[in-house]
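One structure below.
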Amino acid sequence: MHRLHPDRPSIAVELTQPGGPSTHFAIAADHPTLLGALLAAGADLPSSCRNGSCRACLSQVQSGQISHVIDWPSLSAQERSDGYCLPCVARATSPRLVLRTGCLFES
Ligand code: FES
């Protein structure tokens with residue numbers, strides 16, 4: 001697990017991928033975006049536009065909470081209801097988060 005300064009509040013993030021192992025990261029609680037924080041922590045996540053439009057980073061919240069930092073990320077109401085998010089324009093808002101990543105590329 002990536003380590004932050006012990007005095008800095010952090011969020012524990014577990015990333016799961018279909019057919020792959022889970023990976024664990026600690027990101028700063030005051031991160032600007034989930035994608036940026038996870039990439040800085042060493043995660044390998046798909047991304048492209050980083051503005052919430054291309055959906056390359058599409059992920060699904062398995063547990064924990066996020067909020068999007070823009071009003072209209074490229075998600076349908078049903079996808080939002082099903083827990084999908086775009087980490088490039090989202091922040092984690094709970095102390096622990098489990099995200100299923102690579103959802104755009106699932107068959
Ligand atoms: S990288 Fe394009 S929507 Fe997240």
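Laboratory data are not the source of any read-out in this text; all were calculated from the coordinates shown. The model shown is predicted, which means the values in this text are computed figures rather than measured ones. A quick note on method: Cβ atoms are made from the backbone with ideal geometry, for glycine too, and the neighbour counts reach across all protein chains shown.
Compared with the direct C-alpha span, the chain from Q65 to H24 gains 13.1 nm at full extension, assuming 0.36 nm per residue. The relative contact order of segment 10-105 comes to 38 percent, based on Cα pairs under 8 Å that sit 6 or more residues apart.
Counting Lys and Arg as +1 and Asp and Glu as -1, what is the net charge of the other residues whose Cβ lies under 11 Å from the Cβ of L35?
Values: positive: R50, R91; negative: none.
Neighbour charge sum, excluding L35 itself: +2.
By the beta-carbon count within 10 Å of each Cβ, the least crowded to most crowded order of C57, C49, fewest first, is C49, C57.
Centre-to-centre, using Cα atoms only, segment 1-69 and segment 73-107 are separated by 10 Å.
The Cα atoms of segment 30-107 give a gyration tensor whose axes a ≥ b ≥ c have a/c under 1.5, which makes the shape rounded. The GNM of the chain, with springs linking C-alpha atoms under 10 angstrom apart, assigns the highest mean-square fluctuation among D44, D30, D71 to D71.
Exposure proxy for F105, F25: other Cβ atoms within 10 Å of each Cβ, ordered fewest to most, give F105, F25. Could you identify which residue out of G42, G19, G52 has the top mean-square fluctuation in a GNM of the chain using Cα springs shorter than 10 Å? Result: G19 has the largest fluctuation of those listed. Diffusion coefficient (Stokes-Einstein, Kirkwood radius over C-alpha pairs, 4 °C, 1.567 mPa s) for segment 1-67: 101 µm²/s, rounded to a whole number.
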